[in-house]
Amino acid sequence: MYPLHREREQPIFSARAHVFQIDPTTKRNWIPASKHSVTVSFFYDATRNVYRIISVGGTKAIINSTITPNMTFTKTSQKFGQWADSRANTVYGLGFSSEQQLQQFSERFKEVKEAARLAREKSQDKPELSNPALSIAAPQDMMEDLQSPPVLCINGPGEEKLYRSQSADIELSSEKERIKKMLSEGSICELSWEAELFTLQDSNSKLVAALHEANANVEQWKKQLSAYQEETERLREQVAELEAQGARHAACDIGKDELNQSLEELEAVLKAKDEEIHHLQSKKCDYNEVEQEREEAVQRLQEVESRNAELERRVHALEQTLSNSLDERSRAENEVQRIIDILDVKIFDLTDLRQSLATLVHK
């Protein structure tokens, strides 16, 4: 079932790219499937043992391709690659911002394709009944059951008449459309939240790495600042000593000139150290901004997780409603069948009574 795919599928690789699809009419031109670059991810379904490429644009899944061993990812230029999906009857194209990203995606495609081949060989060695693909047919069978309205049969001597309830047809058709809409909306929304959650987790890991680096730089800046402050104190002490010496040797003009020159040099050094201290303090402000950005990213991640949990609760409620509807429909069918059996008995009794009355009339 779609609501369970998040528990059994895990993203193994993601990249940003512009998505295209081949024109179904000409089979030559490319049609953009997204206005901007989107996240394209490889997913592994542990329950079905299959690999898929999924990309979501807004609330719409623009790529949902199951990887098979016979697929091939072809690099047609330095930043563009494509592959054909026979199940979706289309060809997907991806445009990357750099040649390195294209190379990484191509290598990961080869690895996943080899893993899909090994998974298929392994699944072929198992009995047919253990194939996890058999569980996919359940929703389709349920829909086929909803498409078959109840049929009333009245058997007479030599003829059959079938009556179909139009109101039951309309009700079952609307219920089927409602269920399909709920399933499709739940699947697309969960794919969108899953892709956004994976992107936020990636951004959070980058922010954490940047924060650790900033912490290390701050410690280094603190050490430098302490060293500069000690050196400043030492220079100030030297200035005080020189001033004291100048007071003692005021009569010596040559010594006074040298003292003034030394004082100017020391003041220039002090000015340079003060500028370095201001520079280190500005870097400390940058570290505070990085810390604030990290806190905002963590808060956004928590909000996404809470919304995702709310969506899972809604999907669970919809599944419960669907199960209740199916139970009610089953009880209604049993009741209709019981009424048909009663009607058959009554009709048989009436036919027997009619034949008895006709026999009495003829006599």
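The values are calculated or read from the model by the stated rules, or taken from the named source; none is laboratory data. Nothing here was measured: the structure is a model prediction, and the numbers come from that model. Please note: Cβ atoms are built from the backbone with ideal geometry, for glycine as well, and neighbour counts cover all protein chains shown. Please note that ligands, DNA and RNA were not included when accessible areas were found on the heavy atoms of the full protein model with its side chains. Shrake-Rupley method; radii C 1.70, N 1.55, O 1.52, S 1.80 Å.
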Of the residues in segment 84-103, how many are crowded, with 18+ Cβ neighbours inside 10 Å and without any contact (Cβ under 8 Å) to a residue 60 or more places away in the chain?
2
Return the residue satisfying two criteria in turn: it lies in segment 56-76 and is buried (at least 18 other Cβ atoms within 10 Å of the Cβ) and part of a loop (DSSP other than H, G, I, E, B), and of such residues it is farthest from the chain's Cα centre (by Cα).
F73
Might you check whether a residue that is within 21 Å of S98 (Cα to Cα), modelled with pLDDT of 85 or more, open to solvent by 70 Å² or more (accessible area, probe 1.4 Å) and part of a loop (DSSP other than H, G, I, E, B) occurs anywhere in segment 8-28?
no
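Could you tell me how many of the residues in segment 44-55 are in contact with an Asp or Glu (Cβ under 8 Å, 6 or more places away or on another chain), assigned to a strand (DSSP E or B) and either open to solvent by 20 Å² or more (accessible area, probe 1.4 Å) or within 23 Å of I22 (Cβ to Cβ) (or both)? Please lay out each step first, then the result.
Let us first name the residues in segment 44-55 that are in contact with an Asp or Glu (Cβ under 8 Å, 6 or more places away or on another chain), namely 44-46, 51-52.
If we keep only those that are assigned to a strand (DSSP E or B) as well, we get 44-45, 51-52.
Add one more test, that the residue is either open to solvent by 20 Å² or more (accessible area, probe 1.4 Å) or within 23 Å of I22 (Cβ to Cβ) (or both), and what stays is 44, 51-52.
Counting residues in segment 44-55 that are in contact with an Asp or Glu (Cβ under 8 Å, 6 or more places away or on another chain), assigned to a strand (DSSP E or B) and either open to solvent by 20 Å² or more (accessible area, probe 1.4 Å) or within 23 Å of I22 (Cβ to Cβ) (or both) gives 3.
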Any chance segment 346-360 includes a residue that's open to solvent by less than 80 Å² (accessible area, probe 1.4 Å), more than 30 Å from K222 (Cβ to Cβ) and in contact (Cβ under 8 Å) with a residue 12 or more places away in the chain?
yes
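Got at least one residue in segment 329-345 being among the charged types (D, E, K, R), within 30 Å of N217 (Cβ to Cβ) and open to solvent by less than 100 Å² (accessible area, probe 1.4 Å)? So that I can check it myself, show each step before the final result.
Here is the first cut: in segment 329-345, the residues among the charged types (D, E, K, R) are 329, 331, 333, 335, 338, 341, 344.
Of the ones still in play, those that are also within 30 Å of N217 (Cβ to Cβ) are none.
No; the residues of segment 329-345 include none that is among the charged types (D, E, K, R), within 30 Å of N217 (Cβ to Cβ) and open to solvent by less than 100 Å² (accessible area, probe 1.4 Å).
Please specify each residue of segment 293-322 satisfying the condition of being open to solvent by less than 80 Å² (accessible area, probe 1.4 Å), farther than 22 Å from L207 by Cα and without any contact (Cβ under 8 Å) to a residue 40 or more places away in the chain. I'd like the intermediate steps shown before the answer.
Taking segment 293-322 first, the residues open to solvent by less than 80 Å² (accessible area, probe 1.4 Å) are 294, 297-298, 301, 304, 306, 308-309, 311-312, 315, 317-319, 321-322.
Filter once more, keeping what is farther than 22 Å from L207 by Cα: 308-309, 311-312, 315, 317-319, 321-322.
Result: A309, A317, T321.
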